[in-house]
Amino acid sequence: MSSVNNLRYDIVIIGGGMVGQAFALSMINKGLKIVIIDPNYFNPKLQDKYHTRVSSITPKSETLLRNIGVWRLIKRKYKFTDIHIWDQNSHGSLDFHSQDVDINQLGYIIENDAIQSAMYTILEKTSVEFICTELTAINKIDNGYQVDLNSNHRITCSLLVGADGAKSNVRELAGIEFSENNYQQKAIICNIESLKSFQNTIWQRFLSDSIIALLPLSDKQASIVWSAENNLADELIQLSVKRFADRLSKGVEYKFSRFKVVSDIKSFKLIERSSQDYIKRNLVLIGDAAHNIHPLGGQGVNLGFSDVIELSQQIQANHKPLGDYLVLRKYARSRRLNNELMAKTMTGLNWIYKENNEPLRWLRGFGMNLINESKTLKSYFQKQASGNKLFNI
């Protein structure tokens, strides 16, 4: 990895997480000078115990990670072949099976740190440079941007990429407006051990007041995401570890006997954000900087990886100057509809399962069972979950 000694770059990526590093990897063989800027450490160290921040990686995202050389370096990944969803307040349930769509698995549960560490392992052997500092200002110049950093670096680039998360500094400095939907909910996360096997299955239970998802990390360990209204979430977090585990076990009907919590219990607010624009001339937003959604569908980083795929393809397919507005517009048009439709779908599902009046409960159960019994409908929803576009446009 070369040292920071050239203040002119082709691409400046603000944000050194999974999405930012994935975009750098997708562009490294194009003879471009690239730098990634982030105040946090680029190469997280994997611990013996599983981290609580994990992602459900779809087949489409797996293909990207294979194509950029990362997949073989990911040290821990656990495949799931099935998804079981059931509702406390209706007779409805849904089951998805990889064999129904002739694939070996529906996806993998992988620690975010494991993915990012594998990416860094490759990038540090390339000409891509890293600067560990904060962005302080951006200014539009002819054919690019001037970028000022807290480390007193001033650099210029043809394309400025904002991959710096839901509270994107690039988005704010560029003056790009965004809409925000505060769900008034929190997601509680931790890792658990079970006395029984998770059977290579993601388990999701819709309760009258919350949603529990069990994401298997191994045969008898899982990461949990428990989404609840703020008041309930605060109550759950204040429980003793044992009482929390008991509430969790009860919430999934003791299907796995009693759980043991094996990590810290953490929480974060659930807020959907959508940028009004993904692009400006010579500037583009990707990942959570452009959109972030409710974790209900497990699509978070997969949408970001789809942004990476689309943006890199548009840049490489159109032989225009780097940062060309028409090229960036093609990326934005391609990704916006799918990202926003996914966000609205998650918002709608969250509302449907939050409401518990009798007619809606009956309709909810009927709809789940209708999908479960229809091969066509199940196949459609599985294709969406696997990372395919909602519309072919």
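In a residue-by-residue description of segment 150-159, the property of being out of contact with any Ser or Thr (no Cβ under 9 Å at 6 or more places or on another chain), assigned to a helix (DSSP H, G or I), farther than 14 Å from residue 14 by Cβ and open to solvent by 40 Å² or more (accessible area, probe 1.4 Å) applies to no position. Selection of segment 174-192 for residues being of a type outside the set (Lys, Arg) and either open to solvent by less than 50 Å² (accessible area, probe 1.4 Å) or farther than 24 Å from residue 300 by Cβ (or both) yields 174, 175, 176, 183, 185, 187, 188, 189, 190, 191, 192. Exactly one residue out of 331, 325 is surrounded by 19 or more Cβ atoms within 10 Å (Cβ to Cβ), out of contact with any Cys (no Cβ under 8 Å at 6 or more places or on another chain), without any contact (Cβ under 8 Å) to a residue 60 or more places away in the chain and more than 30 Å from residue 83 (Cβ to Cβ), and it is 331. Within segment 68-75, can one find any residue that is open to solvent by less than 40 Å² (accessible area, probe 1.4 Å) and in a helix (DSSP H, G or I)? Among the residues of segment 68-75, at least one is open to solvent by less than 40 Å² (accessible area, probe 1.4 Å) and in a helix (DSSP H, G or I), which makes the answer yes. Each residue in segment 332-358 was checked for being over 16 Å from residue 302 (Cα atoms), of a type outside the set (Lys, Arg) and modelled with pLDDT of 70 or more, and 1 pass. Taking the stated definitions as given, is residue 227 surrounded by fewer than 19 Cβ atoms within 10 Å (Cβ to Cβ) and either modelled with pLDDT under 95 or part of a loop (DSSP other than H, G, I, E, B) (or both)? No; evaluated as a whole, the condition is false for this residue. Only one of the listed residues (79, 49) is outside any loop (DSSP other than H, G, I, E, B), open to solvent by 40 Å² or more (accessible area, probe 1.4 Å) and in contact with a strand residue (DSSP E or B) (Cβ under 9 Å, 6 or more places away or on another chain). That residue is 79.
Condition check for residue 88 on (1) more than 26 Å from residue 64 (Cβ to Cβ); (2) in contact with an Asp or Glu (Cβ under 8 Å, 6 or more places away or on another chain): one failure, at (2).
The values are calculated or read from the model by the stated rules, or taken from the named source; none is laboratory data. Worth saying up front: this structure is predicted, and the values here are computed from it rather than measured. Note: ideal-geometry Cβ built from the backbone for every residue, glycine included; neighbour counts use all protein chains shown. For accessibility, only protein heavy atoms count, side chains too; no ligands or nucleic acids. Shrake-Rupley method; radii C 1.70, N 1.55, O 1.52, S 1.80 Å.
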